[in-house]
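Okay, so here's the structure we're looking at.
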Amino acid sequence: MIFDTHAHYDDSKFEEDQTETIERQFAGGVSGILNCATCLENIPETLKLCKKYERMYAALGIHPSDCYRYKSLDESLSELERIISDNDVRALGEIGLDYHYDFSPKEKQLPYFEEQLKLAEKLGLPAVIHDREAHGDVFDRLRSFKGTAIIHSCSESAETVRQLCRMGHYVSFSGSVTFKNANSVREAARVVPDELLLVETDSPYMAPIPHRGSRNESLNIRYIVDVLAETRGDSPEHIERITEENAKRLFKI
Ligand SMILES: [Zn+2]
């Protein structure tokens, strides 16, 4: 069974056929999905899906590209904390830093990331980390973080991954591990210990080869599992089993 640790089924790309798409995932061998909200505005849709589907779980947070929406850090984060304490939430995220897009300036992203890491510590929730072209700053912040992080759609080097794993953080691989030019991602996938390995879609984005460029869904994780198995010298069944066990332990399922 597959556990998808990062998806956005609330995305408008599922507007037309959301119900049948989600039902197809669970019917086809997906045992759990962590749906990640990215701002206060799309939290209600994530919570609605998680109430509707027993095996869909919520991660709530403010994404680096979305923090431009808010005037006050204190107000938006106390609203986030209030919603989390009123609902069944299994992780804080996605949060992090994105220096590829400049939707929100770096000076705005940093305090949102730092304060949400503190919130994850306070609430005892794992933090789902988005890191795009911000490896140094993300790594620095995680060094002083006392909770558990999940590096989502890993793009860090094998050496950084080794250090993050030594700190007890989990590393999640998306469709990018299947891309032809992604040797460095596959190298990183080789150094993650069994007990810290996770898989994800980042659906509707990041579809793996052979579906690259199309709308992604959790069942496509089988292609990621195959590449991880080959890269790590394990069987696909082993990768499926350990990644599912890890997700269930991490999200208290
Ligand atoms: Zn995402």
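Only the coordinates and a few stated rules stand behind these numbers; no lab work does. The structure displayed is predicted, hence computed values, not measured ones. With ideal geometry, Cβ positions are generated from the backbone for all residues, glycine too; neighbour counts draw on all protein chains shown.
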3J(HN,Hα) from dihedral phi, region 244-250, Karplus parametrisation 6.51/-1.76/1.60, rounded to Hz, x for glycine, proline: 5, 4, 4, 4, 5, 5, 5
If amide H atoms are built 1.01 Å from N in the plane of the peptide, which residues on other chains or at least 5 residues away come under 5 Å of the amide H of residue 127? 92, 148, 149, 150
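How much net charge surrounds residue 17 when only other residues with a Cβ under 13 Å from its Cβ are counted (Lys, Arg +1; Asp, Glu -1)? Don't skip to the end; give the middle numbers.
Working: positive: 13, 24, 215; negative: 11, 15, 16, 20, 23, 217.
Neighbourhood net charge equals -3.
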Looking at region 2-250, how many pairs of lysines come closer than 22 Å at the Cα, when each pair is eight or more places apart or spans two chains? 16
Looking only at trypsin sites (Lys or Arg not before Pro) in DSSP loops with at most 16 other Cβ atoms within 10 Å, what is the longest site-free stretch of the chain? 72-145
Charge tally for neighbours of residue 51 with beta carbon under 15 Å away, counting Lys, Arg as +1 and Asp, Glu as -1, is -1
So how far, in whole Å, is the C-alpha centre of region 105-134 from the one of region 153-167? 17 Å
Which FRET efficiency, nearest 0.05, do residue 190 and residue 106 yield, Cβ-Cβ r, R0 30 Å? 0.40
For region 90-95, Karplus couplings with θ = phi - 60° (6.51, -1.76, 1.60), whole Hz, Gly/Pro x: 9, 7, 9, x, 9, 10
Count neighbours as other Cβ atoms within 10 Å of each site's Cβ, and list the GluC sites (Glu not before Pro) in region 1-73 that are DSSP loop with at most 11 such neighbours. 15, 16, 54
